[in-house]
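Enquirer: Take this structure, written in structure tokens, and hold onto it; I'll ask about it next.
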Amino acid sequence: MTTGDFWGQDAAWQEWMRALGSQRMHHAWLLAGARGLGKKAFARAAASELVGHLPGSEIDAEAHPDIHILTPLPASDDDAKKKADGKPYQTKRNISVDQVREMIRKLATRPTLGDRRAIIVDPADDLEKGAVNALLKVLEEPPAGTYFLLLAHQPGRLLPTVRSRCRVLRFAPLNEDALGAMLVREAPEADEAARQAAIRAAQGSPGLARTFVAQDLGAIHDLMVRILQNGDRDYALRGGLSREMGMRPTRDRQLAAIELARAVLLAQLGETAGHQQLAIIEAYQSLSQLLVRAPTYNFDAGVLIMEIGGLLASSAMPRERRA
């Protein structure tokens, strides 16, 4: 894995590598920053460097016996089967205290292949209250050779006692020039208009920029902005959204459209106040809930895009009822 997997975070990677080469490696690290900045890829690459591998080779962090990853489990037995089959599945809302306790039990033995092991908590924002307390105890007295990588999209949600035991690596949004350079390199086939639309909508997130370009959402972005700014009383713009989405959009395209709508709302949030700001926050929360359900629910594509357009329209005109 290379730093291309977490574009623009070279400073964080260099800090991690310097720490690995030092005599006093801190035992707990907080990877802090918004979604889409590469924290997941960074954590797995950092863990691979920590446990050690031959030059030029790569480690599968998901399968390595000395890399333990805590992430929300499948929501049900049916979802667990979908995960095993490589299909989209729904997860539980939180990382449970039982998961943390099971991880702690594993720490009673020595690392399997070397003298170091990594614990990735992805994301630490999603720990249950009891799980946070259990994790805090092991952070206070970590076993020898055990290092923690806690991912946090909203570090302020973590207990101060957890944050105080971690060395922070901050993942900053990329500026427009950096995002443009990334897209030229990774998506040379995309036209300039598509890249510029992705850059505007991504709000500094390379992950979102890649998704928006890959799904060719430039025209959809422009329609969403128009709906949010002017409303859509005659449904003409929502009809345009439906046509641009296509008759049978893939699940990935539908998810990308929801992410794009959230990005459009966030971009507008700082320029509004009062009732419209509250309407934007409410619409953003509704889209976030929709994003959680969409991977596993069989939404009709036409109904889904009208729902997205309705939320945008209700934000532009608070008295307009959702479609």
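Enquirer: Would you mind calculating the gained length between Asp234 and Arg93 on full extension (0.36 nm times residue separation, minus the Cα-Cα distance), in nm to one decimal?
Expert: 47.0 nm
Enquirer: Moving on. Which value in nm describes the separation of the simple spin-label points at Asp191 and Gln154, placed 7 Å from the Cα toward the beta carbon?
Expert: 3.9
Enquirer: Which whole-Hz couplings ³J(HN,Hα) result when phi for each residue of segment 117-125 is put into the Karplus expression 6.51 cos²θ - 1.76 cosθ + 1.60, θ = phi - 60°, listed in order with x for Gly and Pro?
Expert: So the J values, rounded to whole Hz, are 9, 10, 10, 9, 10, 10, x, 5, 4.
Enquirer: Under 1.5 on a/c is rounded, so check that first for segment 3-170, then, if it is not, pick prolate when a/b is larger than b/c and oblate when it is not; a ≥ b ≥ c are the square roots of the alpha carbon gyration tensor eigenvalues.
Expert: Here segment 3-170 falls in the rounded category.
Enquirer: Starting with the fewest neighbours, write out Tyr297, Tyr147, Tyr89 ranked by other beta-carbon atoms found within 10 Å of each beta-carbon.
Expert: Least crowded to most crowded, the residues run Tyr297, Tyr89, Tyr147.
Enquirer: Residue by residue, what Karplus-based ³J(HN,Hα) values in Hz, rounded to whole numbers, does segment 79-85 have, using 6.51, -1.76 and 1.60 with θ = phi - 60° and x for Gly and Pro?
Expert: Result, ordered by residue: 5, 4, 5, 4, 4, 4, 8 Hz.
Enquirer: A further question on this structure: How big is the shadow of the Cα convex hull of segment 248-300, averaged over all directions, in nm²?
Expert: 3.8
Enquirer: Tell me whether the chain comes out rounded, prolate or oblate; compute the Cα gyration tensor, take square roots of the eigenvalues as a ≥ b ≥ c, and use a/c under 1.5 as the rounded threshold.
Expert: Prolate, since a/c reaches 1.5 and a/b exceeds b/c.
Enquirer: Using modelled amide H (1.01 Å from N, peptide plane; none on Pro or chain starts), what sits under 5 Å from the amide H of Ile67, excluding residues fewer than 5 places away?
Expert: Those lying under 5 Å, H to H, from Ile67 are Ala118.
Enquirer: Tell me, Kirkwood radius of segment 215-316 from alpha-carbon pair distances, in Å?
Expert: Averaging 1/r across every pair of different Cα atoms and inverting gives 13.4 Å.
Enquirer: Right, something else. Which GluC sites (Glu not before Pro) from segment 174-217 combine a DSSP loop assignment with at most 12 other Cβ atoms within 10 Å?
Expert: Glu189
Enquirer: Now for a separate question. Once amide H atoms are built 1.01 Å from N in the peptide plane, which residues 5 or more positions from Thr91, or in another chain, come under 5 Å H to H?
Expert: Sorted by chain and number, the residues that satisfy this are Ala75.
Enquirer: Considering amide H positions built from the backbone, and no H for Pro or chain starts, which residues 5 or more places from Leu31, or on another chain, come under 5 Å of its amide H?
Expert: Amide H neighbours of Leu31: Leu150, Leu151, Ala152, Leu169.
Enquirer: Per the Cauchy relation, a quarter of the hull surface: what is the mean projected area of the convex hull of the alpha carbons in segment 44-110, in nm²?
Expert: Orientation-averaged projected area of the Cα hull: 5.9 nm².
Enquirer: Under the 0.36 nm per residue contour assumption, what length would be gained going from the current alpha-carbon distance of Leu113 and Glu140 to full extension?
Expert: Gain on extension, Leu113 to Glu140, equals 7.2 nm.
Enquirer: Something else: Please report how many Lys pairs in the chain have alpha carbons closer than 16 angstrom, counting only residues at least 8 apart along the chain or sitting on separate chains.
Expert: Close lysine pairs found across the chain: 6.
Enquirer: Still on this structure: Please state the relative contact order of the chain as a whole percent: Cα pairs under 8 Å, 6+ residues apart?
Expert: Relative CO of the chain lands at 18 percent.
Enquirer: Residue-wise, which Karplus ³J(HN,Hα) couplings in Hz belong to segment 238-253, taking 6.51 cos²θ - 1.76 cosθ + 1.60, θ = phi - 60°, and x for glycine or proline?
Expert: With coefficients 6.51, -1.76 and 1.60, one gets 5, x, x, 4, 4, 5, 5, 5, x, 5, 9, x, 5, 4, 4, 5 Hz.
Enquirer: Kindly provide the helix-only [θ] at 222 nm of the chain, computed as the sum of -39,500 (n - 2.57) over DSSP H runs of four or more divided by all residues, to the nearest 500 deg cm²/dmol?
Expert: Rounded to the nearest 500, the figure is -16000 deg cm²/dmol.
Enquirer: So if I place +1 on the C-beta of Lys and Arg and -1 on the C-beta of Asp and Glu, and nothing else carries charge, what would the dipole magnitude of the chain be about its Cα centre? I want it in debye, nearest 20.
Expert: Charge dipole of the chain: 820 debye, to the nearest 20.
Enquirer: Mind ranking 112-122, 13-23, 153-163 by how tightly packed they are, going by the mean number of other C-beta atoms within 10 angstrom, highest first?
Expert: Peptide ranking by packing, descending: 112-122, 153-163, 13-23.
Enquirer: Oh, and also: Treating each Cα of segment 117-221 as an identical point scatterer and ignoring solvent, apply the Debye formula and state log10 I(q)/I(0) at q = 0.14, 0.16, 0.18 Å⁻¹.
Expert: Once normalised to I(0) and log-transformed, intensities are -0.68, -0.75, -0.82.
Throughout, read-outs are computed from the coordinates displayed, never taken from laboratory work. Everything numeric here is computed off the predicted structure, so don't read it as measured data. Note that each Cβ is placed from the backbone with ideal geometry, even for glycine, and that neighbours are counted across all protein chains shown.
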